[in-house]
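One structure below.
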Amino acid sequence: MNLIVAVDKNWGIGYQNNLLVRIPADQRFFRETTTGKYVIMGRKTLESFPGGQPLKNRTNIVITKDKNYQVKDTIVVNSIEEALKKVENVPKENIYVIGGASIYEQMLPLCDTVHITKIDYAYQADAFFPNLDEREEWQIVGESEEQTYYDLEYTFLCYKKKGDRDGL
């Protein structure tokens, strides 16, 4: 299973339920990577999208504790376990965890590949992603050239869980 996220230099991912920054190349990478796939997210992540609507051309699975929550064109579940049940017959390379912080934290141990856009800037953030550079079980297996968007520098990184048969 995959996870995809953009982080700042302190591994911040959001502030007041919004992205820290919108970088067109990062958004394009996210769209191209997840289109046609299953995306798993929390309710607040869904509600942060334009109009609170699910992502087009993807199977959207939303995790919420609210038993009455409904959104058109989404599969609503009430736990991580229920979300996993919905994708149990889906090839793991077609499943992407897309946020937010609580969902990332709970699902990271279940993932073997993490796509990170690492932004070389420290934003004010109130939501964070675990620092994979401090976790022995993760290693960088792919890294893009440094990119720039106006004065921001960022890099696309691919981490694999050590011991994963697809990793090193």
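The values are calculated or read from the model by the stated rules, or taken from the named source; none is laboratory data. From a predicted model like this one, the values you see are computed outputs, not experimental measurements. So basically every Cβ, Gly included, is an ideal-geometry build from the backbone, and we count neighbours across all protein chains shown. Heavy atoms of the whole protein, side chains included, go into the accessibility calculation; ligands, DNA and RNA do not. Shrake-Rupley method; radii C 1.70, N 1.55, O 1.52, S 1.80 Å.
Scanning region 26-52 for residues that are at pLDDT 95 or above and assigned to a loop (DSSP other than H, G, I, E, B), we see that the one that is farthest from Cys158 (Cα to Cα) is Gly36. Residue count for region 111-168 under the criterion of being over 13 Å from Leu3 (Cβ atoms), among the basic types (Lys, Arg) and part of a strand (DSSP E or B): the result is 1. What is the residue count in region 133-155 for residues that are within 11 Å of Ile119 (Cβ to Cβ) and open to solvent by less than 40 Å² (accessible area, probe 1.4 Å)? Residues in region 133-155 being within 11 Å of Ile119 (Cβ to Cβ) and open to solvent by less than 40 Å² (accessible area, probe 1.4 Å): 3 in total.
Only one of the numbered conditions (1) buried (at least 16 other Cβ atoms within 10 Å of the Cβ); (2) within 19 Å of Val39 (Cα to Cα); (3) small (Gly, Ala, Ser) is not met by Ala125, and that is (2).
Here are the criteria: (1) closer than 30 Å to Ala122 by Cβ; (2) open to solvent by less than 60 Å² (accessible area, probe 1.4 Å); (3) not acidic (Asp, Glu). Tell me which single one Pro54 does not satisfy. Result: Pro54 fails condition (1) only. Residues in region 22-40 that are surrounded by 15 or more Cβ atoms within 10 Å (Cβ to Cβ), out of contact with any helix residue (DSSP H, G or I) (no Cβ under 6 Å at 6 or more places or on another chain) and among the hydrophobic types (A, V, I, L, M, F, W, C): Ile23, Phe29, Phe30, Val39.
Do we have any residue at all in region 89-106 that's in contact with a helix residue (DSSP H, G or I) (Cβ under 6 Å, 6 or more places away or on another chain) and on the phi > 0 side of the Ramachandran plot? It would help to see each step written out before you state the result.
Taking region 89-106 first, the residues in contact with a helix residue (DSSP H, G or I) (Cβ under 6 Å, 6 or more places away or on another chain) are 96-97, 99-100, 106.
Add one more test, that the residue is on the phi > 0 side of the Ramachandran plot, and what stays is 99.
Scanning region 89-106, I find at least one residue that is in contact with a helix residue (DSSP H, G or I) (Cβ under 6 Å, 6 or more places away or on another chain) and on the phi > 0 side of the Ramachandran plot, so the answer is yes.
Based on what the data block shows, is Val77 open to solvent by less than 70 Å² (accessible area, probe 1.4 Å), closer than 26 Å to Gln16 by Cβ, without any contact (Cβ under 8 Å) to a residue 60 or more places away in the chain and not hydroxyl-bearing (Ser, Thr, Tyr)? Lay out the reasoning, then the answer.
Values: open to solvent by less than 70 Å² (accessible area, probe 1.4 Å): yes; closer than 26 Å to Gln16 by Cβ: yes; without any contact (Cβ under 8 Å) to a residue 60 or more places away in the chain: yes; not hydroxyl-bearing (Ser, Thr, Tyr): yes.
The answer is yes for Val77.
Looking at the structure I just gave you, is Thr59 over 14 Å from the mean Cα position of the chain (by Cα) and among the β-branched types (Val, Ile, Thr)? It is true that Thr59 is over 14 Å from the mean Cα position of the chain (by Cα) and among the β-branched types (Val, Ile, Thr). Within region 80-106, the residues that satisfy the criterion of being in a helix (DSSP H, G or I), more than 22 Å from Asn18 (Cα to Cα) and in contact (Cβ under 8 Å) with a residue 12 or more places away in the chain are Ile80, Glu82, Ala83, Leu84, Lys86, Lys92, Glu93, Asn94.
Within region 109-167, being within 25 Å of Asn17 (Cα to Cα), in contact with a Lys or Arg (Cβ under 7 Å, 6 or more places away or on another chain) and of a type in the set (D, E, K, R) holds for one residue alone: Asp120.
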